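The values are calculated or read from the model by the stated rules, or taken from the named source; none is laboratory data. Computed from a predicted model, the values in this text were never measured in an experiment. FYI the Cβ positions are ideal-geometry reconstructions off the backbone, even for glycines, and counts take in every protein chain you see.
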Amino acid sequence: MTYSLTTLFVKDIEKSLEFFTNVLGLTVTRRAPGENGPVFLGEDGKPNIELIAGNTEAAFSGFSLGFSVGSLDQASQKLEAANCTRISGPVSPNPHIRLSVFRNPDGIEIELIETL
């Protein structure tokens, strides 16, 4: 398992982009089409910050820690054995990845991402 990203659920993606790029000096590494992102900031090949616009009062706490895994199924079993609760997934938001989101015993959201 490799630390891959931190996801931030934001109210206004353009205002957040302005802050992270103009104030903090981060670079956009990828941006999905559409108004709500996701937008990835940082450096290619290194852990990124992922911005997603939407309802921050939904199931998510406002952020999650993402980890790249070789096998989503095996990593999911490991988290479930450690008393983590699955709150989403597995889903494939695009044809290249599969992911699931868990809440650990402390309430921190952990995103497992498998590249297909």
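Can you tell me which of Thr2, Thr7, Thr85, Thr27 is under 20 Å from Ile113 (Cβ atoms), touching a Gly at 6+ places or on another chain (Cβ under 8 Å) and hydroxyl-bearing (Ser, Thr, Tyr)? Answer to the selection: Thr7.
Here the condition is being of a type in the set (Phe, Trp, Tyr) and modelled with pLDDT under 85; of Phe60, Phe40, Phe102, it holds for Phe60 alone. Can you find even one residue in the stretch 2-10 that is polar (S, T, N, Q), in contact with a Ser or Thr (Cβ under 7 Å, 6 or more places away or on another chain) and loosely packed, with under 11 Cβ neighbours inside 10 Å? Yes: the stretch 2-10 contains one or more residues that are polar (S, T, N, Q), in contact with a Ser or Thr (Cβ under 7 Å, 6 or more places away or on another chain) and loosely packed, with under 11 Cβ neighbours inside 10 Å.
Matching residues to (1) closer than 16 Å to Ser4 by Cα; (2) of a type in the set (A, V, I, L, M):
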site: Gln74; (1), (2): no, no
site: Lys78; (1), (2): no, no
site: Asn83; (1), (2): no, no
site: Ile87; (1), (2): no, yes
site: Pro90; (1), (2): no, no
site: Pro95; (1), (2): no, no
site: Pro105; (1), (2): no, no
site: Ile110; (1), (2): yes, yes
site: Leu116; (1), (2): yes, yes
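In the stretch 83-99, the qualifying residues are those that are surrounded by fewer than 17 Cβ atoms within 10 Å (Cβ to Cβ) and part of a loop (DSSP other than H, G, I, E, B), and the one that is modelled with the lowest pLDDT is Asn83.
For the stretch 43-64, the count of residues that are over 15 Å from the mean Cα position of the chain (by Cα) and surrounded by 13 or more Cβ atoms within 10 Å (Cβ to Cβ) is zero. From the list Leu26, Leu17, Leu65, Leu8, the one residue that fits, being at pLDDT below 90, among the hydrophobic types (A, V, I, L, M, F, W, C), out of contact with any helix residue (DSSP H, G or I) (no Cβ under 6 Å at 6 or more places or on another chain) and not in a strand (DSSP E or B), is Leu17.
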